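Chemist: Got a structure for you, written out below as structure tokens; questions coming shortly.
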Amino acid sequence: MTRLTAPLAERAEYASPQWIEVANTFLSTRHATDLSEPYKVAQELMNPPPHLSSDERIGYVVTFDSTGTRIEPGFADHPAWWRRADYNALLPFAWIVRGQPGGADRLEREYEQLFGADVEAPKVARPMPPSVAAILAELHDYMAVRTINNPNIEHRAAGLGIADNLRDLDSDGYTVLRGAFSDSYADELREETHRNHAGRDEGASFRATMLLKRGRIWEEAAIHPWVLTVVEYLMGRGALIYQSDTIVKSAGQETHPGLHADYGASRITEPFPDYCVEGTAVWAIDDFHREHGPTCILPGSFRQGRQVPPGTSQEGTKLIEMDQGSIAFWHGAIWHGSTPRTAPGRRTSLHNAYSRSFIRPLERYDDIDQAIVDRNPAVFSTLCGLDDAFGKSGLEGADFERLHYAAAQGYASSTPPAALKA
Ligand SMILES: O=C(O)CCC(=O)C(=O)O
Ligand SMILES: [Fe+2]
């Protein structure tokens, strides 16, 4: 079993009092060595979740001076460097970038893709001394493996601009997240996919599976902030990655005739629960228009709560048409299929499925390389099933560290305890 990078007890919500305390423990061991005068870095976070503060902003200040380094909640009068950002927009980009070739550039690129013109550049009154920059980079990575996402999903979705997508899921059982990733990201994903599929059978008889063990690019995709918000909305906190694979569809191919529910293939048995236990994010690495053989779907059909009767036709379905760079997300009980590709060329797609924490996933990641978990934010270890207590009992009893963590996080309740305190 792969180890956790940091104790669960050190996990905290971004900019919460506990988070500041954990950050301080780290910063108290660091000294900026090239200061001509004290240097203050201030971060202002707009629209924090109501359970953290009822004010319109919260903030923290990191002070570097001759006595050492510390972080405090609040605001600074004349910081040397400061930045203002939306709480929810900043939080999910806790990718670890140090030691990841090109990581910082990719992070910035995808951040701009999602938030574009809304991003305010940092204000710099005095250039940041190199040792300050180095300590802040270390702090970023130290806290990334300890920072948990805003548990107030509606608030998070509003901050990320995807509240309407949650409503689509309520009514139709699927949604399309448009403009979810950049063309450059699509190019990189396509190249990797085609490399993994080279020499294999065409069509869906070969799907490159276990992608989280196949390279950095897939790790970054699995934690897409919009997708994770949808996942936690439908499947609760502590959700797992259920399967991560790709499909390449060529001209004339029909990969999913008729209709099926992803709960099918005897994986999730009838009667289906009335809440979602599994759902899939499909990344359009290439265009999904009529001629490209897009997915077709029967809106609302997840409410039937049963498997698709054999021989059911695609009559009455809607095509999920989307441009490259969009992500479709559907409830695993929804009835859907795929249409034949009539145009020349290939349709490349990434299919990341997620499940509730108590569902047994198709793919196992609890033995994933330690280095992969260590280079990712906390939610990645959650997705791999490393944070929960399932399968971790020993002869000395159950895994109380993990059981307590899940209880403290409110994984089992529809309203997380922190949100109740507001
Ligand atoms: O490739 C498609 O269009 C549909 C694939 C599918 O059914 C799935 O990923 O669940
Ligand atoms: Fe499917």
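The values are calculated or read from the model by the stated rules, or taken from the named source; none is laboratory data. These numbers were taken from a predicted model, which means no experiment stands behind them. Cβ atoms come from the backbone with ideal geometry, glycine included; neighbour counts cover every protein chain shown. Areas reflect the complete protein model, heavy atoms only, side chains present, ligands, DNA and RNA absent. Shrake-Rupley method; radii C 1.70, N 1.55, O 1.52, S 1.80 Å.
Chemist: Considering PHE380, PHE329, which residue is part of a helix (DSSP H, G or I) and in the same structural domain as ALA239 (by TED's automatic domain parsing)?
Modeler: Working: PHE329 fails: part of a helix (DSSP H, G or I).
Result of the check over PHE380, PHE329: PHE380.
Chemist: Here is a follow-up. Could you check region 103-155 and list, in sequence order, the residues that are part of a loop (DSSP other than H, G, I, E, B) and either open to solvent by less than 50 Å² (accessible area, probe 1.4 Å) or touching a residue at least 60 places away in the same chain (Cβ under 8 Å) (or both)?
Modeler: If the condition is that a residue be part of a loop (DSSP other than H, G, I, E, B) and either open to solvent by less than 50 Å² (accessible area, probe 1.4 Å) or touching a residue at least 60 places away in the same chain (Cβ under 8 Å) (or both), then ARG126, MET128, PRO129, VAL145, ARG146, ASN149, ASN150, PRO151, ASN152 are the ones that fit.
Chemist: Name the pairs whose Cβ atoms lie under 7 Å apart, with the first residue in region 343-355 and open to solvent by less than 10 Å² (accessible area, probe 1.4 Å), the second near ligand 1 (Cβ under 9 Å from one of its atoms) and basic (Lys, Arg), and 6 or more positions between them or separate chains?
Modeler: Qualifying pairs under 7 Å: ARG347/LYS249.
Chemist: Ok, one more. Can you tell me which residue is nearest to the chain's Cα centre (by Cα) among those in region 312-327 that are closer than 13 Å to PRO299 by Cα and either among the charged types (D, E, K, R) or crowded, with 18+ Cβ neighbours inside 10 Å (or both)?
Modeler: Ranking the candidates gives ILE320 first.
Chemist: Here's something else I'd like to know. Which residue is nearest to THR255 (Cα to Cα), if the candidates are limited to region 340-364 and must be under 16 Å from the mean Cα position of the chain (by Cα) and either of a type in the set (D, E, K, R) or assigned to a loop (DSSP other than H, G, I, E, B) (or both)?
Modeler: Top of the filtered list is ARG356.
Chemist: Still on this structure, I have one more. Does PHE400 satisfy the condition of being surrounded by fewer than 17 Cβ atoms within 10 Å (Cβ to Cβ) and either within 16 Å of ligand 2 (Cβ to nearest atom) or in the same structural domain as ARG303 (by TED's automatic domain parsing) (or both)?
Modeler: When the stated conditions are applied, PHE400 does not pass them.
Chemist: Which count do you get for residues in region 185-205 that are away from ligand 2 (no atom under 16 Å from the Cβ), assigned to a loop (DSSP other than H, G, I, E, B) and without any contact (Cβ under 8 Å) to a residue 40 or more places away in the chain?
Modeler: Summing the residues that are away from ligand 2 (no atom under 16 Å from the Cβ), assigned to a loop (DSSP other than H, G, I, E, B) and without any contact (Cβ under 8 Å) to a residue 40 or more places away in the chain in region 185-205 gives 4.
Chemist: Among the numbered criteria (1) more than 14 Å from ligand 1 (Cβ to nearest atom); (2) open to solvent by 10 Å² or more (accessible area, probe 1.4 Å), which single criterion is violated by VAL308?
Modeler: (1)
Chemist: Which condition number does GLY337 fail, the rest of (1) within 26 Å of GLN113 (Cβ to Cβ); (2) within 15 Å of ligand 2 (Cβ to nearest atom) being met?
Modeler: Failing condition for GLY337: (1).
Chemist: Specify which of the listed residues (GLU270, GLU254) is over 23 Å from LEU383 (Cβ atoms), within 11 Å of ligand 1 (Cβ to nearest atom) and either among the acidic types (Asp, Glu) or out of contact with any helix residue (DSSP H, G or I) (no Cβ under 6 Å at 6 or more places or on another chain) (or both). I'd like the intermediate steps shown before the answer.
Modeler: Numbers: GLU270 fails: within 11 Å of ligand 1 (Cβ to nearest atom).
Going through GLU270, GLU254 in turn, the sole match is GLU254.
Chemist: Okay, next question. Could you tell me whether any residue of region 61-83 is at pLDDT below 95 and either in contact with a Phe, Trp or Tyr (Cβ under 8 Å, 6 or more places away or on another chain) or part of a strand (DSSP E or B) (or both)?
Modeler: Yes; the residues of region 61-83 include at least one that is at pLDDT below 95 and either in contact with a Phe, Trp or Tyr (Cβ under 8 Å, 6 or more places away or on another chain) or part of a strand (DSSP E or B) (or both).
Chemist: Assess whether GLN307 counts as being within 16 Å of ligand 2 (Cβ to nearest atom), over 24 Å from the mean Cα position of the chain (by Cα), assigned to a loop (DSSP other than H, G, I, E, B) and under 16 Å from GLY173 (Cβ atoms).
Modeler: yes
Chemist: Read through the list (1) crowded, with 24+ Cβ neighbours inside 10 Å; (2) closer than 24 Å to LEU189 by Cα, then give the number of the only condition that ASP262 fails.
Modeler: Here ASP262 clears every test but (1).
Chemist: I've got another one for you. Over 16 Å from the mean Cα position of the chain (by Cα), touching a residue at least 40 places away in the same chain (Cβ under 8 Å), under 23 Å from MET235 (Cα atoms) and surrounded by 24 or more Cβ atoms within 10 Å (Cβ to Cβ): is that true of ILE334 in this structure?
Modeler: In short, yes.
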